[in-house]
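Everything below concerns the one structure shown next.
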Amino acid sequence: MAHIHKEFLIDNSPENVWEALREVGAVHRCLAPGFVTDTRMEADIRIVTFANGLVVHELIVDIDEEARRVAYAVVGGAMTPKHHHASMRVLADTGGRSRFVWTTDVVPDELGGPIGEMVEQGVAVIRETLKATPDGQR
């Protein structure tokens, strides 16, 4: 199983970052615009279209308000691995910043490279999208 783990700081409050992350049906507007070009919900399935044309269907497994964590699993679309589970979590860090933790497990191992590259691209967009403006709001 390939394991991809990314942690990074965002110069914005955990409350503001969580507000964007918890909007699971608006990733293309709130979290990763440009990297994700469209998101729509069909019951508990999120259909995500990426800038590279890839479309995946993700089961939203959990939205945990207290832990500020979203968990999802790829269950269909153009890329359907044997197993793909991921979670994103927002933690408070020093100075009013947020620590963003994105963890993905995927089978087969060969998908670790391509998915890892997409995660890297997503991290760059999320950091830029959620950085605070001068008044501290996103």
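The values are calculated or read from the model by the stated rules, or taken from the named source; none is laboratory data. From a predicted model like this one, the values you see are computed outputs, not experimental measurements. Here the Cβ positions follow ideal geometry from the backbone for every residue, glycine too, while neighbour counts run over all protein chains shown.
General observations
- Residue ID - surrounded by the most Cβ atoms within 10 Å (Cβ to Cβ), chosen from residues in region 13-29 that are without any contact (Cβ under 8 Å) to a residue 24 or more places away in the chain and under 17 Å from Val119 (Cα atoms): Val27
- Boolean, Val55 is surrounded by 17 or more Cβ atoms within 10 Å (Cβ to Cβ) and touching a strand residue (DSSP E or B) at 6+ places or on another chain (Cβ under 6 Å): no
- Residue tally, condition within 20 Å of Ala20 (Cβ to Cβ) and within 15 Å of the chain's Cα centre (by Cα), over region 57-66: 6
- Look at (1) touching a Ser or Thr at 6+ places or on another chain (Cβ under 9 Å); (2) over 22 Å from Ser13 (Cβ atoms); (3) modelled with pLDDT of 95 or more and you find that Leu59 fails only one, number (1).
- For region 90-107, residues that are crowded, with 22+ Cβ neighbours inside 10 Å and under 9 Å from Asn12 (Cα atoms) total 1.
- Residues of region 95-138 satisfying the condition of being touching a strand residue (DSSP E or B) at 6+ places or on another chain (Cβ under 9 Å), modelled with pLDDT under 95 and of a type in the set (Val, Ile, Thr): Val106, Val107, Ile115
- Test result for Val70, under 10 Å from the mean Cα position of the chain (by Cα), at pLDDT 95 or above, crowded, with 17+ Cβ neighbours inside 10 Å and under 22 Å from Asp44 (Cα atoms): yes
- Subset of region 1-53 (residues that are among the hydrophobic types (A, V, I, L, M, F, W, C) and touching a Phe, Trp or Tyr at 6+ places or on another chain (Cβ under 7 Å)): Phe8, Ile10, Val17, Phe35, Val36, Phe50, Ala51
- 2 or more residues closer than 20 Å to Gln121 by Cα and charged (D, E, K, R): qualifying strands (runs of 3 or more DSSP E) within region 1-89: 2-10
- In region 93-115, the residues that are in a helix (DSSP H, G or I) and more than 22 Å from Val24 (Cβ to Cβ): Thr94, Gly95, Gly96, Asp109, Glu110, Leu111, Gly112, Gly113, Pro114
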